[in-house]
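Here's the structure, in structure tokens; my notes come after.
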Amino acid sequence: MTRADTVARLDNRATDRDSTVAAVAAEALSEIRPQGRILVAFDSDGAITEALRDGGAEVVVWNRLAVGGQAATPWPAEGPFDGAVLRLPRGWAGFEMALHALASRLAPGAPLWIAGGNDEGVTSAPKHLDGLAEEPETLIIKRRARLLLTRRTDAPAKGALEDWRQTVTLTLPDRTLELVSYPGLFAHGHLDAGTECLLKVLPDVAAGTRVLDFGCGAGVIARAVRERQPDAPLTLLDIDAVALHAARQNVPDAELVLSDGLAGLGTRERFGLILSNPPLHRGKDEDFGMLDALVAGTKQYLKLRGTLVAVTQRTAGVGKLFKTAFGHSDMLMETTQFQVWAGTPK
């Protein structure tokens, strides 16, 4: 099986899970036909939203992730709402924050539906309700997905994004930084081992060099560049609106781009350096699509003799990818778990 076949298979697996969960939840909600103003969180497939609207509800959508160019915001619209639907996000820290956000928009007794796959951990959701909702009942189990129904209690919720703001101290290879972070962000509260590898071999950045931090998260890599070179224009790109909210505080003079890929950059002056610890998962599945798209699309956004430096797990097979895509490529660092590669276009 070729790399392209593997990427396609993994991409289809993640897409199929989202579609299955959405279809099962939509089936149950179509029968219930909730009315009034309903807040729907993280419905990337769109089927849940469509089913509610077809049933006569007024739907307000909240997405944190700008998947496929859809609008995304770090926090939901103001309430009140008559009910809410939460598509189970990855990680319980992100679930807890989303749960509080939705609960803060609901009156006691209002329904909250939670949709997810069995292999995503939806059966464990009742353990993480934090007193904000009653013990849920299962409305439907089908195709290894289910929809839970619970109701809002009168317990107070942390209903503003800044209620979740944390300051974390990270020890970088050459300095210590205090950065803003939020639960559910990549490597929240510590320096990711892959990022640490990249920072150990971070190239010197000349004044005026335009730098892109692709998949920036809270902006750790960009902040490290800023500390070393105050006169480098920085652009930070990420799919997660909460990540960019943190990055705005950590690198306040940077340009921020909310996008799920390079296409969100549009037409602009090219970069002298692109740095990335690219995401290699979609939900619980490995997904090399973003890495492949980054390498393939880099030439369009790099200046002549510009460089892409990326860190990935060794299992990602980046060496062959870089050697095929770039006229010049080097492995800058290798550990038992990670490799850092640099490539300059032909």
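The values are calculated or read from the model by the stated rules, or taken from the named source; none is laboratory data. Quick caveat: nothing in here was measured; it's all calculated off a predicted structure. Glycine also receives a Cβ, built like all others from the backbone with ideal geometry; neighbour counts cover every protein chain displayed. Accessible surface is based on the protein model in full, side chains and every heavy atom, while ligands, DNA and RNA are left aside. Shrake-Rupley method; radii C 1.70, N 1.55, O 1.52, S 1.80 Å.
Things to note:
- Site pair His128 and Ala263 shows an inter-label distance of 3.1 nm when each label is modelled 7 Å from Cα along Cα→Cβ.
- The Cα center of region 29-79 and the Cα center of region 305-346 differ in position by 40 Å.
- Glu178 - accessible surface, heavy atoms, 1.4 Å probe, Å² rounded to 10: 120
- By a 1.4 Å probe calculation restricted to protein chains, Trp92 has an accessible surface near 80 Å², given to the nearest 10.
- Backbone phi angles across region 41-55, fed through the Karplus curve with coefficients 6.51, -1.76 and 1.60 (θ = phi - 60°), yield HN-Hα couplings of 10, 6, 8, 5, 6, x, 5, 5, 4, 4, 5, 5, 5, 4, x Hz in residue order; Gly and Pro are listed as x.
- Computed from Cα positions, the angle between helix 3-32 and the longest principal axis of the chain comes to roughly 20 degrees.
- Distance (nanometres) between label positions extended 7 Å along Cα→Cβ at Arg165 and Thr138: 4.2
- Using the 1.4 Å probe convention, the accessible area of the chain works out to 44 Å² per residue with neighbouring protein chains retained.
- Angle in degrees between helix 289-301 and the longest Cα principal axis of the chain, rounded to the nearest 10: 50
- Beta bridges by DSSP in the chain, antiparallel share as percent, to the nearest 5: 50
- Shape category assigned to region 217-270 from the gyration tensor of Cα positions, a/c cut at 1.5: oblate
- Using just its DSSP H runs of length 4 or more, each adding -39500 (n - 2.57), the chain gives a mean residue ellipticity at 222 nm of -9000 deg cm²/dmol after division by all residues.
- Candidate residues Glu334, Glu135: accessible-area rank, largest first, probe 1.4 Å: Glu135, Glu334
- Area accessible to solvent at Val211, 1.4 Å probe radius, in Å²: 0
- For region 207-346, the C-alpha radius of gyration sits at 0.99 times the compact-globule guess of 2.2 N^0.38 Å, with N the residue count.
- Bridges between two residues of region 55-182, per DSSP, are antiparallel at a rate of about 80%.
- Reported label for calculated Rg/Rh (Cα atoms, Kirkwood Rh) given (1) 1.07; (2) 0.96; (3) 1.00: (3)
- Heavy-atom surface analysis with a 1.4 Å probe gives the chain a carbon and sulfur content of 49 percent of its accessible area.
- Sequence-distant residues sharing a close amide H with Phe338 (under 5 Å, placed H): Arg314
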